[in-house]
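I have placed the structure first, in the form of structure tokens, so that the comments after it can refer back to it.
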There are 2 protein chains.
Amino acid sequence: MRDRIKRVFSLINDDVDTILLRNTGFRNPSFLYLTGLTNGVFEGATAVVSRDGGVDVFISALDQGEDTSNIRFHMVTKKRDFVDTLSRLIPPGSKIGVDGRYLTYQDYKSIKRILPNRGLRDVRERILLARLIKDKREVENIEEACKIASRVAEEIPGMLRDGVMEKEVADEIVYRMKKHGADGEAFETIVAFGENSAIPHHTHSERKLKRGDIVLVDFGATVDGYISDISRSFIYGKPSDKQRRMYEVVLNAQQQGIDSIKKGVTFDYIHSLVYRYINETEFKGRFIHSTGHTIGLEVHDGFTITQGCKKRFLIGMTFTVEPGIYLPDVGGIRIEDDLLMGEGGVRVLTTASKDFEV
Amino acid sequence: MRDRIKRVFSLINDDVDTILLRNTGFRNPSFLYLTGLTNGVFEGATAVVSRDGGVDVFISALDQGEDTSNIRFHMVTKKRDFVDTLSRLIPPGSKIGVDGRYLTYQDYKSIKRILPNRGLRDVRERILLARLIKDKREVENIEEACKIASRVAEEIPGMLRDGVMEKEVADEIVYRMKKHGADGEAFETIVAFGENSAIPHHTHSERKLKRGDIVLVDFGATVDGYISDISRSFIYGKPSDKQRRMYEVVLNAQQQGIDSIKKGVTFDYIHSLVYRYINETEFKGRFIHSTGHTIGLEVHDGFTITQGCKKRFLIGMTFTVEPGIYLPDVGGIRIEDDLLMGEGGVRVLTTASKDFEV
């Protein structure tokens, strides 16, 4: 993890001495990133990350940790000892960096109390910048998560039958991802039939499948903390001409977006291409979200492929490309794949087929 | 929800005018409690809760909300409008209450910036106190979550076979809870075989089942935001005399704890009874955690039945009773049920049978 820590500190200007990360109550992705402790619970653990690449991790008696070349574990039994060690590691006058999205107000107050006379700075944006470029281990986990999601995506047509509920298909998707090796679902699995597919925020309900429905699924697997995120759209029965045209437009828009991604191209350029492509069809104004987002330890791992985002595609980035069209009376179509910007250009990691008719 | 809001404010002294709750990135139980919005995503939503029982909820275009007698929804499209309305609802000089465990540092900084000249106070403890006593709707959801968990607990013996992995049983448990109507698992399902059952923080692994193993499961369902939490222990094959004695002691300790719970009795009194019971057997010192905890919107919903907790059992409380014995060389036994303190005394909500041998 030393390389990651060095990259983060190189992105922060000199006045932050230490990064303090707590894993309280919920999973803190920056804690996982800088400690590499993706295989355990570590609830309530505290990590003190130093400029030299060393990390001190304070854990409860319920967790176990084995020291590595850069991680030293401290079992916290008495609060007094914890405070003393922390004060020694972060002496008065230090400036502490935190991930402001994963530090609670409760913990903030407690840091101010037990570590007075230190500065505090939210370095989340800097950590996110470092997290943009994935290392080998990270890519392997994302690839595995993509492989599992693709495999389940191929199995979805077999789950569709008259009267099956959105919820039943969603449960089956999660069960199969785990069966194929996932630790869990990356986010609440979306299965939307018919009119529900036109609502991007719909998750799943007891709505039953009937002939002529569009089936929109959007789901992903978690592997060792890293996620995948795939969408496929099917027609159950015979598509109308309009549904077929919608599907073709989304498929072509996605392909055009993917084909245009090169090293150095900006995120907003790709979005504008995809957006314009759809807006030049009869479905003008019906693509109502961004073209994609970076993925990693979080589903939205820092940056969005959308208007105004001047980030550039660089080697080692992983992200989605997912145009969609939504018509309240007809349904919605979204096709989403995960990609890696590699040395030899962009590579699609979610290889599930894209047949509209099942 | 007016009653809940009134109860919370009655527990806070006069100097808090408004409670501000954000549902950012993760589910904020206090947001769910005071808005009642357990059936939706509402990611990033902000609730402004007033002393008079009215609530203003700010949501994004991806969510939908229908005004009720006490909730007014505002769709946020422009940040400027959001800030203006917020400033009007919470005028300068006001004192704002927050749930410090679910307010991020990022949001704290943003509140300080867009709402200057207001005080801020962490009222989490007060909200937790109000949440201790469940109303009818809450009890119904917890009962349903308990019913589902109990039903799946009964099915577990049928999942056990030579060579099955802990992970496979865990996945099956989650799948079946959903099939029986749960929204999901309440926490990461624990399935521990043999030596793993002696580690209370173990979740599940690829460890395969063999004859003579203890099987310890600990899981729960979520229903409309509310959870259940049940543990059962089985022996796969023939128990040793020691394993049989362990099981008997835990079962009797639990029964004694449950039988002693009466209105007005303190949490630590029940813990001391259960603790003493086990310590008077050959398994002295092997009960290494608390006797239970309150349940509700969170698995640990505020208070723990343990040494030093002077809280008293009152009508409307829901909680677990879960003694255990852990022997590194033999395995662990834990038996856990969820209970409701009702008008006529305590009632066990998780009714699954407790046969050690399967």
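Every number in this text was worked out from the coordinates using simple rules, so none of it is lab data. Source: prediction; values computed, not measured. A quick note on method: Cβ atoms are made from the backbone with ideal geometry, for glycine too, and the neighbour counts reach across all protein chains shown.
Straight distance only, please: which lysines reach the Cα of B:Lys6 with their own Cα at less than 16 Å, same-chain residues fewer than 8 apart left out?
B:Lys134
Quick one: compute a quarter of the convex hull surface over the Cα atoms of the range A:159-267 and quote it in nm².
8.4 nm²
Can you list the copy-to-copy distances for B:Glu357, using a point 7 angstrom from Cα toward Cβ, in nanometres, shortest first?
Label-point separations across copies, in nm and ascending: 6.1.
Taking the number of other C-beta atoms within 10 Å as the exposure measure, put A:Leu21, B:Leu349 in order starting with the fewest.
B:Leu349, A:Leu21
Order by neighbour count: A:Met317, A:Met341, fewest other Cβ atoms within 10 Å first, most last.
A:Met341, A:Met317
Using a basic spin-label model with each label point 7 Å from the Cα along Cα→Cβ, how many nm lie between B:Phe82 and A:Leu251?
Output for this residue pair reads 3.8 nm.
At 222 nm, what helix-only mean residue ellipticity would chain B give, in deg cm²/dmol to the nearest 500, using -39500 (n - 2.57) for each DSSP H run of four or more?
Taking each H run of at least 4 residues, the total per residue is -10000 deg cm²/dmol.
Distances from A:Lys262 to the same residue in each other copy, label points 7 Å out along Cα→Cβ, in nm, shortest first?
A:Lys262 label point versus its equivalents elsewhere: 8.3 nm.
For the range B:268-358, just list the percent of Cα-Cα distances falling in each 10 Å bin from zero outward, please.
15, 44, 33, 8, 0
Could you pull the Cα extents of the protein assembly as shown along its three principal axes, largest to smallest, in whole Å?
The Cα atoms of the protein assembly as shown stretch 79, 60, 59 Å along their principal axes.
At A:Ser110, with labels set 7 Å past Cα in the Cβ direction, how many nm apart are the copies from this one, shortest first?
Computed spacing set for this position: 2.4 nm.
In chain B, what percentage of the DSSP-assigned beta bridges are antiparallel, given to the nearest 5?
80 percent
Can you tell me the alpha carbon radius of gyration of the range B:103-206 divided by the globular rule-of-thumb value 2.2 N^0.38 Å?
Ratio of Cα Rg to 2.2 N^0.38 Å: 1.60.
Expressed as a rounded percentage, what relative contact order does the range A:133-348 have, with Cα pairs under 8 Å and six or more residues apart?
22 percent
Mind scanning A:Lys78/B:Lys262; B:Lys147/B:Lys354; B:Lys167/B:Lys242; B:Lys179/B:Lys238; B:Lys79/B:Lys112; A:Lys263/B:Lys78 and naming the pairs with a C-alpha gap bigger than 24 Å?
Those over the limit are A:Lys78/B:Lys262; B:Lys167/B:Lys242; B:Lys179/B:Lys238; A:Lys263/B:Lys78.
Using mean Cβ contacts within 10 Å as the protection proxy, how do B:195-207, A:302-314, A:70-82 order, highest first?
Ranking the peptides B:195-207, A:302-314, A:70-82 by packing returns B:195-207, A:302-314, A:70-82.
Please identify, among A:Gln243, A:Gln106, A:Gln256, the residue showing maximal mean-square fluctuation in a Gaussian network model of chain A using a 10 angstrom Cα cutoff.
Maximum among the listed residues: A:Gln106.
Mind telling me which of B:Val250, B:Val164, B:Val49 comes out most flexible in a GNM of chain B, alpha-carbon contacts under 10 Å?
Highest fluctuation of the listed residues: B:Val164.
Which ³J(HN,Hα) values, rounded to whole Hz and listed in residue order, are derived for the range A:326-333 from phi using the Karplus coefficients 6.51, -1.76 and 1.60 in 6.51 cos²θ - 1.76 cosθ + 1.60 with θ = phi - 60°, glycine and proline given as x?
Computed from phi, the couplings for the range A:326-333 are 10, 10, x, 8, 10, x, x, 10 Hz.
Residues with amide H under 5 Å of A:Phe73's amide H, sequence separation 5 or more or different chain, H placed in the peptide plane at 1.01 Å from N; which?
A:Val57, A:Asp67
Whole number please: convex hull volume per residue of the Cα set in the range B:2-131, in Å³?
About 99 Å³ per residue, rounded to a whole number.
Between Rg and the Kirkwood Rh of chain B, both from Cα atoms, what is the Rg to Rh ratio?
1.03
Set the bar at 28 Å for Cα to Cα. Now go through A:Lys284/B:Lys109; A:Lys284/A:Lys311; A:Lys284/B:Lys178 and name every pair that lies beyond it.
A:Lys284/B:Lys109; A:Lys284/B:Lys178
How many angstrom separate the Cα center of the range A:180-225 from the Cα center of the range A:144-170?
Centre-to-centre (Cα) distance: 8 Å.
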